[in-house]
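The values are calculated or read from the model by the stated rules, or taken from the named source; none is laboratory data. Since this is a predicted model, take the numbers as computed values, not measurements. Cβ sites come from the backbone with ideal geometry, for glycine too, and all protein chains shown count toward neighbours. The accessibility values were calculated without ligands, DNA or RNA, using every heavy atom of the protein model including side chains. Shrake-Rupley method; radii C 1.70, N 1.55, O 1.52, S 1.80 Å.
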Amino acid sequence: MDPDAFSALLTSDGQALLASLRDYDPGQELAVATRLRREHPAGLVSAALAQARLRQRAAAKFGEDAYRMYFTPNGVEQATRTSVAAYRAGRFTALGVRRLADLCCGIGGDAIALARAGVEVLAVDRDPLTCAVAKANAEALGLSALIEVRCADVAEVDTGAYDAVFVDPARRGGRGRIFDPEAYSPPLSWAVGAARKAPFAALKIAPGVPHEAVPAEAEAEWISDGGDVKEAVLWFGTEPGTRRATLLPGGTSVVGRGLPDPAVRPVGRWLYEPDGAVIRAHLVAEAAEAVGGGLIDETIAYVTADELRPVPYASAYEITDVLPFGLKALKALMRKREIGVAVIKKRGSAIEPDDLRRKLKLSGPNSCVIILTRVAGAPSMLIGQPAAEIHQTGPK
């Protein structure tokens, strides 16, 4: 979509088209397009259909707001979901931030959350279409008084008048995701330099960033939402050297205390699977201490213990069987216990859960959890059940 085609969507005709396409079925797109082109220009119909598809995809991140907002394909992929952006905006306001420069603002997801928190935002991007989309989003959500959109190279923007800087470098290229922080656009080293000039700053990076790439003066935070790791953030001006895992929607945080790696021990009655943010932040030792457990293998992030201690940052399973891996033995056990439904999890195993499920040919009224992993270096199968009715209200 070019800027002119996008501008056409903001006209009364374009708005009416978008409203009519809110709930359309993409599987019927050819029929819908044919019908609409009888009354509207073909270019406008194509642009409206493309935007309607993007809005439906964006609803997972933005909820009902998605149907008032505008998107580009890259914008949908890279935008921060509302829950994460609102959490980060809360951290900024708690620091006393009232004016912020959002560099590489994209379609404006973070700027929107910041403005809703009362922060005045300068939103900068170098792509004209992306800037037009960000401006339209601010207007559509009634936030244009707090969001100034500027089309410029972020390297040329003076941020001296702002309380904080937020940088969200592009981490996708023509071949997909970019894993080298120095291949971000702009590079991580530039973003760190910009952060050091501000009283407070946050840099959004990929959750798989090597820990050795984290500057010593930064706080590194890994964030998950609903159990899925979404991003990592480098904070400047907060708690240098801190590693933190934050779990949304509850907001529970686990903070690193420099604990040594947990000892390896035999599998006990309970197995704990730490949240992905805890694992990414290298805080499995903190999780193990909280539940009084140890590792089942020195290279596997499963914690085992003899008693149940509910914590909000790890899922617990009651283990009934620990067996060497073997398909024949597993099939026999599933038949004996009349298992018709099995959740199959893996860590440190080459077995694909879907392939195993087909081979097991499960049948029966009962259910279980099958965990494919290594125990003290040996390929193993752990059979059990999720801990029942756990109210996870552990410490923050």
Q. What is the magnitude of the charge dipole of segment 121-242 about its Cα centre, with +1 placed on the Cβ of each Lys and Arg, -1 on the Cβ of each Asp and Glu, and no other charges, expressed in debye to the nearest 20?
A. 340 debye
**Q.** 3J(HN,Hα) from dihedral phi, segment 99-104, Karplus parametrisation 6.51/-1.76/1.60, rounded to Hz, x for glycine, proline
**A.** 9, 9, 9, 9, 8, 6
Q: May I ask which residue of Ile339, Tyr67, Thr238 lies farthest towards the positive end of the charge dipole of the chain, with charges of +1 (Lys, Arg) and -1 (Asp, Glu) on Cβ and the Cα centre as origin?
A: Ile339
Q: Could you work out which residue, out of Gly348, Gly364, Gly90, moves most in a Gaussian network model of the chain, that is, has the largest mean-square fluctuation with Cα springs under 10 Å?
A: Gly364
Q: Go through segment 136-243 and name the chymotrypsin sites (Phe, Trp or Tyr not before Pro) that are in a DSSP coil and have 16 or fewer other Cβ atoms within 10 Å of their Cβ.
A: Phe179
Q.
With only alpha-carbon atoms in the gyration tensor, what are the semi-axes of the equivalent ellipsoid for the chain, in Å, largest first?
A. 43, 30, 17
**Q.** By accessible area with a 1.4 Å probe, ligands and nucleic acids excluded, highest first: order of Asp13, Asp275, Asp23
**A.** Asp23, Asp13, Asp275
Q. Using a 1.4 Å probe on the protein chains only, how many percent of the accessible area of segment 57-133 belongs to carbon and sulfur?
A. 51 percent
Q) Build a GNM of the chain with springs between Cα atoms under 10 Å: which of Glu239, Glu318, Glu156 gets the top mean-square fluctuation? A) Glu156
**Q.** Distance histogram for segment 309-396 (every C-alpha pair counted, 10 angstrom bins, percent rounded to whole numbers)
**A.** 16, 46, 28, 9, 1
Q) What's the FRET efficiency of Glu318 with Val255 using the Cβ-Cβ distance as r and R₀ = 25 Å, to the nearest 0.05? A) 0.30
(Q) With Kirkwood's inverse mean 1/r over C-alpha pairs for Rh, give me the Rg to Rh ratio of segment 137-205, two decimals please. (A) 1.02
Q | Residues with amide H under 5 Å from that of Arg126, placed H, sequence gap 5 or more | A | Ala152
(Q) For Cys131, what accessible surface area do you get with a 1.4 Å probe? Give it in Å², rounded to 10. (A) 10 Å²
Q) What is the spin-label model distance, in nm, from Glu239 to Glu77 if the labels are put 7 Å beyond Cα along the C-beta direction? A) 3.5 nm
Q.
Whole-Hz ³J(HN,Hα) for each residue in segment 198-209, computed from phi via Karplus 6.51 cos²θ - 1.76 cosθ + 1.60 with θ = phi - 60°, x for glycine and proline: what do you get?
A. 10, x, 9, 7, 9, 10, 7, 9, 5, x, x, 4
**Q.** Cys residues of the chain counted as unpaired, since no other Cys beta-carbon is under 4.7 Å
**A.** Cys104, Cys105, Cys368
(Q) Below 14 angstrom from the Cβ of Pro240, what's the summed charge of the other residues (Lys, Arg +1; Asp, Glu -1)? (A) -1
(Q) For Asp355, what accessible surface area do you get with a 1.4 Å probe? Give it in Å², rounded to 10. (A) 60 Å²
**Q.** Inter-site label distance for Arg358 and Ala60 at 7 Å from Cα along Cβ, in nm
**A.** 2.4 nm
Q) Carbon and sulfur: what percent of segment 278-338's accessible surface (1.4 Å probe)? A) 49 percent
Q. If you roll a 1.4 Å probe over the heavy atoms of the protein chains, what accessible area per residue do you get for segment 118-160, in Å²?
A. 47 Å²
Q) Taking the alpha-carbon centroid of each part, what is the distance from segment 126-174 to segment 247-278 in angstrom? A) 37 Å
Q) Which of Glu77, Glu221, Glu29 moves most in a GNM of the chain, Cα contacts under 10 Å? A) Glu29
Q) Too long at a 19 Å Cα-Cα cut-off: which of Lys61/Lys345; Lys135/Lys197; Lys61/Lys204? A) Lys61/Lys345; Lys135/Lys197
Q. Quick one: with all protein chains in place, what share of the accessible area of segment 159-271 is carbon or sulfur, to the nearest percent (1.4 Å probe)?
A. 52 percent
Q.
Is there a quick way to get the dipole size of the chain? I mean about its Cα centre, with the Cβ of Lys and Arg at +1 and of Asp and Glu at -1; what is the value in debye to the nearest 20?
A. 1280 debye
**Q.** Per residue accessible area in Å² of segment 191-324, where ligands, DNA and RNA are left out and the probe is 1.4 Å
**A.** 39 Å²
**Q.** Full-extension gain in nm, Ile178 to Ala387, via 0.36 nm per residue minus C-alpha separation
**A.** 71.4 nm
Q | Whole-Å semi-axes of the ellipsoid equivalent to segment 164-318 (Cα gyration tensor, √5λ, descending) | A | 32, 16, 13
